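Read through the structure below, which is laid out as structure tokens, and then see the notes.
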Amino acid sequence: MTTDRYGVVGHPVAHSLSPQIHTAFAQQTGIDLQYRRILAPLDGFIATAETFFDEGGRGINVTVPFKIEAFAWCGERVTARARRAGAVNCVAVDAEGLHGDNTDGAGLVDDLQRLLGRSLAGSRLLLLGAGGAARGVLGPLLTTGLRSIAIVNRDHAKAVALADEPRLEARSLDSIGGEAFDVVVNATSASLGGVALTLPSDVLGNARLVYDMMYGAEPTPFLFEAERAGAHATADGLGMLVEQAAESFFVWRGVRPRTEAVRATLRATLQASR
Ligand code: NDP
């Protein structure tokens, strides 16, 4: 029997922690698989993915900047949550061929509920950003029974475009001061550039959980601000990364791996790299 092959396709991709995560899941579940990084040229995602599957590959994760192209490539063969996101981060092969899914939102929901120690039902959430990551998580967030999601984005028109159902509301930054949100999620790429978002400090201080999808060896500038403002709890996106990987593993193999030890190992790896 040959070893089933999986991978993550991106550009760049050298930084991806996915091989470490999936190798750990495979060991834990006793499944024989190989998972590697696959660098695709910027104009070569489809050719790279097709070659991988033609050569017998069983599944890929898709990362920056190819998630929207992967969605178009999968055509009608996508799950409802990928369609809502307009992006694919996980491609699987089954008896009918290839199909695209999006596990980012499920990953965020699982991580938020783990950190809160309860379901998100009834909560008010503030979502910062209206790019690919924000759009990808809205559908799964809404399925949790959240009371409302306020969306704030630098380019307000993009927030308005995302607010397409009654529980979603596009808001401006200067209109949210004094409001109490249970959870604040930073889905902007501001932390990537080391930029802190300037939010009313009571919004951060009142939150039960302030979350930044970005992760790294140090707390992001946004989480630093949240801690200074007195947020009850803060967390970066490492947990989301591991949970979306677990969801992808489930899509491919029908087995849900445990994530706690893998998250702890990755955290230690990141901290050792400081
Ligand atoms: P996009 O490029 O699609 O969107 C970027 C968003 O950030 C836009 O809303 C943009 O606003 C906003 N933004 C960028 N710079 C600033 C700034 N200086 N001030 C305010 N807003 C800013 O990126 P993605 O949505 O794909 O990714 C967003 C973040 O989420 C990244 O940090 C990424 O690493 C992280 N992520 C983490 C994952 C995980 O598993 N932990 C999974 C996916 C993403 P505007 O529209 O006005 O330009």
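The values are calculated or read from the model by the stated rules, or taken from the named source; none is laboratory data. It should be emphasised that the depicted structure is a prediction, and the values quoted were computed from it without experimental measurement. Note that we place each Cβ from the backbone using ideal geometry, even for glycine, and neighbour counts take in every protein chain shown. These accessible areas exclude ligands, DNA and RNA; they are computed on the full protein's heavy atoms, side chains included. Shrake-Rupley method; radii C 1.70, N 1.55, O 1.52, S 1.80 Å.
Here are a few things to note about the model shown:
- On Cα atoms only, tilt of 45-54 relative to the major axis of the chain in degrees: 40
- Angle in degrees between helix 238-253 and the longest Cα principal axis of the chain, rounded to the nearest 10: 40
- For residue 256 and residue 42, a Förster radius of 30 Å and the Cβ-Cβ distance give a FRET efficiency of 0.30, rounded to the nearest 0.05.
- Surface composition of the chain: carbon plus sulfur atoms hold 53% of the accessible area, using a 1.4 angstrom probe and ignoring ligands, DNA and RNA.
- Lys, Arg +1 and Asp, Glu -1 on Cβ, resulting dipole of the chain about Cα centre, debye, nearest 20: 420
- Calculated from backbone phi, Karplus (6.51, -1.76, 1.60) coupling profile of region 119-131 in Hz, x at Gly/Pro: 6, 7, 3, x, 7, 9, 10, 10, 10, 9, x, 9, x
- Dipole orientation for the chain: of the candidates 191, 232, 242, 232 has the Cα lying most toward the positive pole (charges on Cβ; Lys, Arg +1; Asp, Glu -1).
- Only helices enter this figure: runs of n ≥ 4 DSSP H residues, each worth -39500 (n - 2.57), summed and divided by the residues of the chain, yield -12000 deg cm²/dmol at 222 nm to the nearest 500.
- Percent breakdown of C-alpha pair distances by 5 Å bin, ordered from the shortest bin, for region 168-212: 5, 20, 29, 29, 15, 2
- Compared with the rule-of-thumb size 2.2 N^0.38 Å for a compact globular protein, region 31-170 has a Cα radius of gyration ratio of 1.16.
- The Kirkwood hydrodynamic radius of region 2-84, based on inverse pair distances between different Cα atoms, is 13.5 Å.
- Dipole magnitude for region 12-133: about 620 debye, using +1 per Lys or Arg Cβ and -1 per Asp or Glu Cβ, origin at the Cα centre.
- Highest-MSF residue in the chain out of 19, 140, 166 [GNM, Cα springs under 10 Å]: 166
- Measuring nothing but alpha carbons in the chain and taking Rh as the Kirkwood radius, the Rg to Rh ratio lands at 0.97.
- Cα-derived Rg to Rh of region 105-236, Kirkwood definition: 0.92
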